[in-house]
Structure formats: C-alpha cells, structure tokens
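As structure tokens, the structure follows; a few thoughts come after it.
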Amino acid sequence: MKNRTQFQLAIVAFIIATTAFSVAAKTPNVVFVISDDQGYGDLGCTGNPIIKTPNIDQLASESSGLSDYHVAPTCSPTRCSLLTGHWTNRTGVWHTIMGRSMLRENEVTVGQMFSDAGYETGMFGKWHLGDNYPYRPEDRGFTEVYRHGGGGIGQTPDVWDNAYFDGSYFHNGTIVPASGFCTDVFFEQAQAFISKCAKQEKPFFAYISTNAPHKPLHCPPKYFNMYEGQSDSIAAFYGMITNIDDNVGATRQLIQELGIADDTIFIFTTDNGTASGAKVYNAGMRAGKGSPYEGGHRVPFFVHWPSGGLTKQHDVNELTHAVDIVPTLLQMTGVKKPEGVKFDGVSIADLLDPTKDVDWPKRFVISDSQRVRDPIKWRSSSVMFGKFRLVNRKELYNIASDPGQKNNVADKHPEIVEAMREFYDGWWAELEPTFAQTTEIYLGHPQHPVVSLTAHDWIQKIYPPWHQGSIREADRKHRDSEKLKHLGYWAVKVLKDGKYRVALRRWPTESGAAINADLPAGEDVPGATQAFRCVKGNAIGATHAVLRVDDQDLDRKPVGKDAEEVSFVTELKKGSHRLAPVFEIKEGELGAYYVVVTSLD
C-alpha cells in the first residue's frame, strides 16, 4: 500500500511538473500600448493630483515599471527605436516630416521578427514611419493594419477631412469609414484582432499606438466634462488620456475573459514628454516634448506578465532606453534575433524580474531632437550616464540631487563631462556616414504600382504643409525672392525603366475637388481646439502644371477649368530622382500638394 501511494504521489508530481512546464513554455502573446504626447507626469500613479487614470494605475501596481526610461523627444524618432532596437539617427528617422520620418528599408522591425516566428501581428492607430512602399506597416511585418495616415488624424497624408470623430482609416491599404472617437475605434479593431487570434489559439503581437492625446485637442464631451474647472486645453488633454485609460482597462478585461491573461505580456508606455500637461504637473522634471531636458524624453513604462512572474509593483530605477525594448521582448518570448541584426540596446528582461538581483553596469545612452532636414552635431541632445545628464554638450546635471536640472555642475565634474563627450563623439562618428542615405519612395514596385505622394514628405529646408489646415490655407507668402519658387522635392527610387503617369493635384483624390476650386470650412468636433478641416480652402488660381524631375522642366500643360488633375506620361529611368511638379500661379509657383504616380508597364 505504501509503495502504491508513493507511486501515485510520484505520478501526481510528474503531472504537476509537466503541466507547469507546458504553461511556462507556452508562447506568450504581446499587447503593446503606446500613447502620443503623454508625459511621465500625466498619470495618477506617477503623482498627478488631477488626472483620472485608474486602469493604468492598476496596471502599474501589478507590473514591473521603469522609472528612468528614456525615448526620443518626439513621435517618429521614438517609434523607430522602439520597433527596431536601433538609435533613431541610425534608422533615417530624426524628424516627423520632410521625408525624415520614413524608416529605412534595410531596418528589420519587431513586427517582422514576430511574424517570421509564427505570430499574428497587428498594428492599430498611429504608424508615422512612412505612408508608401516600402515604409508602411504592412510592408514591415504587420499582417493586420488599421491606421490613419501621417503622424496624426487630419495631417496631410491622412484621409481628406478626417477629424477625431467618425473618420475614415486605412484598413490593410483600403480606405474604410468608421463611427466614433478615434481612440475607441483603434482599440475596438485591436480587440477584434486579439479575440480572433485567441479563438484560433494563435500567438499574437498587437501594437496599439494612439494618436491621442496629440493636438488638436479633441475628446468626447463625457471625458472633457470630467475636468470641469480646468482650462479647456487641459480638460481636453486629460480627457483624451482618461479615454485611453478606459480602453486599456477594457482591453485587459477582454484578455481575462478570453482566458489568455496569464500568457500575455501587456505593456503601456508613451512616446515623448508631455505636450500640454507640464503646466499642471510634470513630476518635478524640466521642460516637455521636444526638449533635451528630462521632461522631454523620460516617460513611463509598465510591463505585466503573470506566467513570467511580473505581477507585482517592482520599480526599476536603472537607466534604460527605447533601444532596449526589442531585445527584451525577444528574450521574454523566445523569438530569435534575425541573422545580421545587431541591436544598439540590450535586453533588460532580468531587470524587470523582481526575483533577480542584477548587478547592472553603468552605460551611456543618448536622446536628441534633430527636427531638421539634416542632422546637426550636438543639436538638442542629452547624453545620459547613471544619473548624470550632459545637455547640449555644455550643461551637466545630476538628477539624483537636482531632478529639475537647475544647477549646471559641469565645472565640478570635468572628467565626467569628458567621458560623456567622448562617447557622443564616437556615437556620432559611427552614425554620420549614414545620414546621406535618403529614404526614397519606390516607384514601379509590383506590390505598389500606384503611389500617392503628399507635401508632408517634401524634402526642403523649411517646414512643408504637414497638416490639412495648411493645405487648405495654401500659404503664398514671399520669402527670398519676388516670385514664389518651389524648393521642395520628393526623393523617389524608380525600380525599372518605363512609362509612368504623373498626375498633379491641388486637392487629394478622395476630395473630388477641382484644382482651382475653393472649399468651404468643414465642421468642427468637440474639444478645445479647431479641427484642421475648419480652415477655409483657398483657391490658388493655377494656370499651368509643370512636370519637374531632377530640376528639369520636362513638360507643361494648361489647367482646365474644372480639372481635378493634370496628368503627364513620361519615361523614367531606373535609379534615384528628385520629383518636384508645380502649379504656375500669379505669385510664381506652388508645389503640387498631392501627386499620384502610376507605373504603366
């Protein structure tokens, strides 16, 4: 009897052990939520006394969190590092416009890595790394894509006249209408994707990237009214964040109901410092979005994973960076690093594990905000080493004793300044040769034979019209000459010799508007600021259209009275070109804001 009991206990122990192993070995899902322009201090759990974020606060209480985690100070640059594990300036993405927001084609994204490993991969909301082949999310490993265009709803590459409510979005490349507030729509699409994958028992990577609370400041009145007594801008900004919070809670609840919570890595973070909240609370940091000071690039990061032991509040106060996230996810999930890829970051999986006592080495990381056509050394930069910050090459701060960065201690620590400058100089020397590698939009690719170009991606020294309000306004201010001269161009890469139709438009195709039409102002939506479509659409009085390639005018045609476009058929040679078609107007010339290029071969 004794032997039989021992045998039964051994069998039970074996079953428990093998069951535990199979659960631990199960491929984990990933839900990655990132909001736009929400700073470290724009959460209740980081000390904000006004904002309502109960769901993210709950997540934080059940997660390993990074309290010294850094990104780039603006949108696209953070996203490229976050998705590739590479320094922003290495990837070609150091701005949010001017062709400098497109992720170089040689970069491998986390979407591609997980897709190659057998995951279903979904991207929902804001991409902001390119709107044409080969830069779109569907070209970079994401198999289910539901997004707006450009860097925000109502920006130039977005569907015409979009605002934050009842818009139209790109679903796997096709424009589809939607009902409701944009953040709700993106989460609903993500939740449908998660549900489908769970029911099919397929592992998934869901990247949910909201455009909120980026300006313009719009939110449902329910959320706006939660902040009565605050300024309209704060009420809308915080209202947008509380709406995100509700969606985070609903998504976590869905994951529980689907029975996959234990095996799902759930992450919440943001893309840069606060754009609007610093006037209320900024966690003691200096400055906000776009700044090299701490408030520009230190953001929250929480990760919850029950089967990985990440279920309790665990603060990681070591210096970490967005370049660390891809190698970390690969270690946590067992997805293999692609051959030939070398990360600039390191896995921080052991730091996130509350059961491990990690002797973490001191390291250097960099955050900079170029926001120019071509990078400038030391421009708006922060070199970080432990708790030291070297800002703009000259200012040194110790945030351990001076979190607000008020006291420059460079003269007291010359050896630290020298070491940080030396690291930056080596970093710059390594990356500088890549800056001349312009991201080019492909023409003539069989997967993308019709290419829609927008003024958002003009490469030029001054800001192009990056949102639809600027397109409607059609700025014709004289600058450096008596006559207006279009100085921007699209960098394109023609993949094969052949005939191409180049159609010049004043308004985008979906508008149905004639080149010389003026448009009435569109309807506003709830919030604190006007929608981009509320600007009256000014007529430009175009007389002729000119096809300009590589600074040569190849052809010129009159603009018909009711013409929506003027088309040219031309031979283009394989290789790199500068495409810069224009409309002739009384004041000189305006670049064609929208151009559609079709391969005819």
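Could you give the length gained by full extension between A192 and S168, i.e. 0.36 nm per residue of separation minus their alpha carbon distance, to one decimal place?
Working: separation 24, 0.36 × 24 = 8.64 nm, distance 1.78 nm.
Here the answer is 6.9 nm.
Order of 488-496, 75-83, 364-372, 339-347 by packing, highest average Cβ count within 10 Å first?
Details: 488-496: 19.3, 75-83: 28.2, 364-372: 22.1, 339-347: 14.6.
Result, highest mean Cβ count within 10 Å first: 75-83, 364-372, 488-496, 339-347.
Under a crude label model (7 Å from the Cα following the beta-carbon direction), how far is D402 from T509 in nanometres?
5.6 nm
Normalising by the residue count of segment 368-434, find the relative contact order in percent from Cα pairs under 8 Å and 6+ residues apart. If you can, show how the numbers build up before the last one.
Details: 68 pairs, mean separation 13.4, N = 67.
Result for segment 368-434 is 20 percent.
Explain nothing, just the number: relative contact order of the chain, from Cα pairs under 8 Å at least 6 residues apart, as a whole percent. Walk me through the numbers before you get to the answer.
On the way: 1422 pairs, mean separation 105.8, N = 601.
Worked out over the chain, it gives 18 percent.
So for each of 550-561, 440-451 I average, over its residues, the number of other beta carbons within 10 Å; can you give me the resulting order with the highest mean first? Provide the component values of the computation, followed by the final result.
Working: 550-561: 12.8, 440-451: 18.2.
Result, highest mean first: 440-451, 550-561.
Note down the nm distance, to one decimal, between modelled labels 7 Å out along Cα→Cβ at E587 and at K557.
A separation of 2.6 nm, rounded to one decimal place.
What whole number of Å gives the distance from the Cα centroid of segment 198-235 to the Cα centroid of segment 547-584?
Value for the Cα centre distance between the two parts: 41 Å.
Only Lys, Arg, Asp and Glu count, each charged at its Cβ (+1, +1, -1, -1), so figure out the dipole size of the chain about its Cα centre, rounded to 20 debye. Mind showing how you got there, number by number?
Values: 63 positive and 72 negative charges, 113 e Å.
Result for the chain is approximately 540 debye, rounded to the nearest 20.
Do the sum for the chain: with -39,500 (n - 2.57) for every DSSP H run of n ≥ 4, divided by all residues, what is the mean residue ellipticity at 222 nm, to the nearest 500 deg cm²/dmol? Kindly include the intermediate steps, with their values, before the conclusion.
On the way: 12 runs with 138 residues, N = 601.
It comes out at -7000 deg cm²/dmol, rounded to the nearest 500.
Arrange the peptides 166-173, 110-117 so that the one whose residues have, on average, the most other Cβ atoms within 10 Å appears first.
On the way: 166-173: 16.9, 110-117: 20.4.
Output ranking for 166-173, 110-117: 110-117, 166-173.
On a full-extension model of 0.36 nm per residue, what is the gain between E339 and S231, subtracting their alpha-carbon distance, rounded to one decimal in nm?
Numbers: separation 108, 0.36 × 108 = 38.88 nm, distance 5.22 nm.
Computed gain between E339 and S231 is 33.7 nm.
What does the charge count around Q313 come to, taking other residues whose C-beta lies under 15 Å from its C-beta (Lys +1, Arg +1, Asp -1, Glu -1)?
Details: positive: K312; negative: D57, E62, D315, D353.
Taking every other residue near Q313 into account, the sum is -3.
Once fully extended, how much extra length lies between Y463 and E432, figured as 0.36 nm per residue of separation less the alpha-carbon to alpha-carbon distance? Could the numbers behind the result be given before it?
Details: separation 31, 0.36 × 31 = 11.16 nm, distance 2.29 nm.
Residue separation times 0.36 nm, minus the Cα-Cα distance, leaves 8.9 nm.
How large is the charge dipole for segment 368-434, taken about the Cα centre, if only the Cβ atoms of Lys, Arg (+1) and Asp, Glu (-1) carry charge, to the nearest 20 debye?
Working: 11 positive and 11 negative charges, 71 e Å.
The calculated dipole for segment 368-434 is roughly 340 debye.
Which of F181, A236, H218 sits farthest toward the positive end of the charge dipole of segment 150-276, with +1 on the Cβ of Lys and Arg and -1 on the Cβ of Asp and Glu?
Most positive-ward Cα: F181.
Can you give the % of DSSP beta bridges in the chain that are antiparallel, to the nearest 5?
Working: 71 of 103 bridges.
If we restrict to bridges inside the chain, about 70 percent are antiparallel.
Normalised radius of gyration for segment 465-601, please: alpha carbon Rg relative to 2.2 N^0.38 Å, two decimal places. List each step's numbers first, then the result.
Details: Rg = 16.0 Å, N = 137, 2.2 N^0.38 = 14.3 Å.
The reported ratio for this selection is 1.12.
Which distance in Å, rounded to a whole number, links the C-alpha centroids of segment 480-529 and segment 37-100?
32 Å
A short reminder: the numbers here are calculations on the coordinates, not readings from a lab. What you see is a predicted model, and the numbers here were worked out from it, not measured in a lab. Note that we place each Cβ from the backbone using ideal geometry, even for glycine, and neighbour counts take in every protein chain shown.
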